[in-house]
1. With respect to Ser135, is the statement that it is over 22 Å from Gln219 (Cα atoms) and of a type in the set (Ser, Thr, Tyr) true?
2. Only one of these conditions is not met by Glu89: (1) part of a helix (DSSP H, G or I); (2) modelled with pLDDT of 85 or more. Which number is it?
3. If we keep just the residues of segment 190-210 that are under 22 Å from Thr236 (Cβ atoms) and acidic (Asp, Glu), which is modelled with the lowest pLDDT?
4. When you go through Leu109, Leu101 one by one, which is the residue that is buried (at least 17 other Cβ atoms within 10 Å of the Cβ), under 15 Å from Phe294 (Cβ atoms) and touching a His at 6+ places or on another chain (Cβ under 7 Å)?
5. Residue by residue through segment 262-315, note down the ones that are part of a loop (DSSP other than H, G, I, E, B) and either polar (S, T, N, Q) or under 30 Å from Ile243 (Cβ atoms) (or both).
6. Being surrounded by 15 or more Cβ atoms within 10 Å (Cβ to Cβ), out of contact with any strand residue (DSSP E or B) (no Cβ under 7 Å at 6 or more places or on another chain) and not polar (S, T, N, Q): is that true of Arg238 here?
Amino acid sequence: MNAWVISACVLAGTALLTALGLHLLTASFWRVEKRLKSLSRNDNSQQEANPFERSARFAPVASVLECTGRYSALERLLNRAGLNWRPDEYAAAWGAGGLILAIAGWLLLGPLAAAAAIIIAFAGGWLTLVALQISRLRQFENQLADALMLVASSLRSGYGLLRALQAIRDEMKPPISLEFGKVLDETAVGLGMPEALTNLVHRVPLPDLEIAVTAILIQLDVGGNLAEVIEIVAATVRERQRIRAEVDTLTAEGRLSGVILFILPIAMAIIISFLNPTYMVTLVQTSLGHLLIFCAAVCQLIGGFVIKRMLEVDF
């Protein structure tokens, strides 16, 4: 049995390492290719493009993603997370990792453990992307007010809007410098400023950014003092961020309670296993125990989701 476990894990690990190796070998080419396509196509053409036209390294995986309508969604999520992975590469590595966990769980603990491993692998890969996206959006949001004030100062100094956006690209840190750099790249190849700013909102779906871009586009159409408008928008963004920080402070206790309630059963199971290894043998080695563990995990996820929804406040 141990030999089968080792062989299966080695096989699945080889597939995972192959996917990672291909990504590392082609990462530089993919960054250039993706940058050129983002400049030569709009979002609609990217979503309608055939996956094989995107130079997919794992054609069967890309075909499955396209058939299920997930290729464009995964590509958009990877871009928002700031990862230079192709969707087929990430899905292949994701699947290989899930295969390792599923085979090991099946051979060591049984079919229920394999099912739980698949769920964990799927949720883990998706939640990783979501967490990276949220982190990147939060960084962008924290930089937005300062970027708007930099634009307003540049405009008051006599610079045009393009030169003001270039100041963001040159003087600020990622991710906001990278995103506004894409806006400048798109205008450099002939795309209009309204279209480039609209694409920015599509890439970075933040309400504060949408407010700022809408104000800029309206002011470009009707004319007027753009610097004053941007300063007002920057003040609005700062006020929204202040209110959001107050809400986060008021809900910190509830969020901490949710984290503790989520981690406590897992921590207690680990501690009991070390202190008294025979105490949880029945729970781990029987089918009924596996079913109870699976039900407990599902209840934990449902409880965490409910607590999260209770503490969310929409602005």
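1. Answer is yes for this residue.
2. (2)
3. Let us first name the residues in segment 190-210 that are under 22 Å from Thr236 (Cβ atoms), namely 193-194, 197-198, 200-210.
Pick out the ones that are also acidic (Asp, Glu) and you get 208, 210.
Values: Asp208: 86, Glu210: 90.
This residue is Asp208.
4. Among Leu109, Leu101, only Leu109 is buried (at least 17 other Cβ atoms within 10 Å of the Cβ), under 15 Å from Phe294 (Cβ atoms) and touching a His at 6+ places or on another chain (Cβ under 7 Å).
5. Matches in segment 262-315: Asn276, Thr278, Thr286, Glu312, Val313, Asp314, Phe315.
6. yes
Table: residues versus (1) of a type in the set (A, V, I, L, M, F, W, C); (2) over 23 Å from the mean Cα position of the chain (by Cα).
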{"residue": "Trp94", "(1), (2)": "yes, no"}
{"residue": "Ala115", "(1), (2)": "yes, yes"}
{"residue": "Ile119", "(1), (2)": "yes, no"}
{"residue": "Leu132", "(1), (2)": "yes, no"}
{"residue": "Tyr159", "(1), (2)": "no, yes"}
{"residue": "Leu165", "(1), (2)": "yes, yes"}
{"residue": "Leu178", "(1), (2)": "yes, no"}
{"residue": "Asp185", "(1), (2)": "no, yes"}
{"residue": "Leu191", "(1), (2)": "yes, yes"}
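The values are calculated or read from the model by the stated rules, or taken from the named source; none is laboratory data. Model, not experiment: these values are computed from the prediction. Quick reminder, even Gly has a Cβ in these numbers, built from the backbone with ideal geometry, and neighbours come from all protein chains shown.
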